[in-house]
1. So what is the calculated 222 nm ellipticity per residue for the protein assembly as shown, using -39500 (n - 2.57) for each DSSP H run with n of 4 or more, over all residues, to the nearest 500 deg cm²/dmol?
2. Can you work out the Karplus-derived ³J(HN,Hα) for every residue in region B:104-112? Use 6.51 cos²θ - 1.76 cosθ + 1.60 with θ = phi - 60°, whole Hz, and x for glycine or proline.
3. Given axes a ≥ b ≥ c from the Cα gyration tensor, I'd like to know whether region B:204-302 is rounded (a/c under 1.5), prolate (a/b larger than b/c) or oblate.
4. If you rank B:V199, B:V176, B:V16 by fewest surrounding Cβ atoms within 10 Å, what's the result?
5. When a footprinting reagent is the concern and you count Cβ atoms within 10 Å, what order do B:F239, B:F249 take, fewest first?
6. Given R₀ = 45 Å, FRET efficiency for B:D145-A:N74 by Cβ-Cβ distance, to 0.05?
7. Count the net charge of all other residues whose Cβ sits under 13 Å from the Cβ of B:I137, scoring Lys and Arg as +1 and Asp and Glu as -1.
8. Each residue of region B:288-296 in turn: what ³J(HN,Hα) in whole Hz from Karplus with 6.51, -1.76, 1.60 and θ = phi - 60°, glycine and Pro shown as x?
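Every number here is computed from the coordinates shown, using simple stated rules; none is lab data. Values in this document were obtained by computation on a predicted structure and should not be read as measured data. No Cβ is skipped: glycine too gets one built from the backbone with ideal geometry, and neighbour counts run over all protein chains shown.
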Amino acid sequence: MNSVDEIPVRVKAAYGNVRPVLVEILHALDRLLDDGIPTTIDLASLPFGPGELDHLEETLGQGELVAQLDALGNSRIRETAYPGVWWIEHRNVNDEVVGRYLEVTRLPEILCSQDADIGAGRARLGEMFE
Amino acid sequence: MKYTPTVGEILQAKGVSRRGFLKYCATTASLLALPPSMIPRIAAAIENARRPSVIWLSFQECTGCTESLTRSASPTVEGLIFDAISLDYHHTLQAAAGDQAEAARHAAMEENDGNYLVLVDGSIPLANPGYSTIAGISNVDMLMDTVKGAAAVVAIGSCAAFGGLPGARPNPTGAVSVQELVKDKPVVNVPGCPPIPMVMTAVLTQFLTFGQIPDLDKHGRPLAFFGNTIHDRCYRRPFYEQGKFAETFDDEGAKAGWCLYKLGCKGPTTYNACATVKWNQGTSFPIQSGHPCLGCSEPRFWDKGGFYQPLSTGHFGSGATVAGAAAAGVALGAVAAAAGRARKNKYTKEA
């Protein structure tokens, strides 16, 4: 036997931990629409049984936008099939997942160009004219 | 004292962008079990933090705690050692040995007097100090000498925190924990056999970020990780509420992933973060693998009766009380959940 896939025992993935997250997203969307307040849900802090995180990801589906960030390892930032609900996965330089978040917002902050980086880039460009 | 660069300077020197830094802060918040609303405060703190000197002492232990830490994924231990902390003394990991190693310990103590962290794994034998010595120095002498100039002491693993296996009855070496000897310094206990690697790095990151030790429970454990029981955060909890229990390790209930309470699970009385942080890069934890929790992060867990005895029979002498205990568990869970919310609100207000 070389991998866990060969173990013949199969556990049914139905523990009921996905539904509360969907309800939380529903409330977060109301908050975003009514008051303009974004919400971040740290998926690492919630209990999930085998297969439940995959089930949540499948339920939310894929939307129109996927972005890849290359900073201290790769990150994938993608909008789910529910506009305003973003699935964010951060990986470290060893390609291990170090954070998984759901952001309910119009645009995740990490996608915006940051003033410090804009300033450093401006300085680099300015050097061409010195 | 030599100049130590801030973490912000280290990351800048490595060409890490602000986006990369924000990502680092987001994963740090996750690591510290802080709400994402704390990220801006963490960013401000980390930027100006300086890496602390760390002296790691190994006494009556099995090296399992070091094994666990060096498999910590977030941040990588290499990254932690080289970027976030300055590990100046650790028998197992350092290249130096004998007099050179002891000289490194004394040099780190002098250079960072009053500011360094002492990490200890293993218990300390008092019956006869000769049971465990390093470079001819007894464990108790080395501990008391090293903590004199420390900012804080972190007891890593159940042996250092509570005496652990060496301290189990009849305790032949007279093993004691760090907190039984160190009375004039803050002591943080990070128990577990071994502790979850991410919890160890999180305590170091907390110190690095905020320059102080985290809030602790009555056993000296960081509340962020030891504030809820395994049972409170267990994905099998819904089955407990429904009264669906595995009765043996191979019955239909076990195959369906039902609650392991009747097979001796110590989840309801064990405070730790295994159910959410999990092990092996978040792959699984004992209950997910079909085995009851042993309660390894609780004081004297070796002497608390059989690992496969239900908690109710252990305390009340009859399996018939399981149902009653289950009902009580529901009420306890509600209290713990309320406490968890209160804590989160507190952090949110501070941000």
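1. Taken over the protein assembly as shown, the calculation gives -10500 deg cm²/dmol.
2. Each residue's phi maps through the Karplus curve to give 5, 5, 5, 5, 5, 5, 5, 5, 10 Hz.
3. Working: a/c = 2.63, a/b = 2.14, b/c = 1.23.
Note, shape of region B:204-302 comes out prolate.
4. On the way: B:V199 27, B:V176 20, B:V16 16.
Ascending number of Cβ neighbours within 10 Å: B:V16, B:V176, B:V199.
5. On the way: B:F239 21, B:F249 14.
In order of increasing Cβ crowding within 10 Å: B:F249, B:F239.
6. Numbers: r = 46 Å, r/R0 = 1.03.
Computed FRET efficiency for B:D145 and A:N74 comes out at 0.45.
7. On the way: positive: B:R105; negative: B:D99, B:E102, B:D141, B:D145.
Net local charge, B:I137 excluded: -3.
8. Using θ = phi - 60°, the values come out as 5, 8, x, 10, x, 5, 8, x, 6 Hz.
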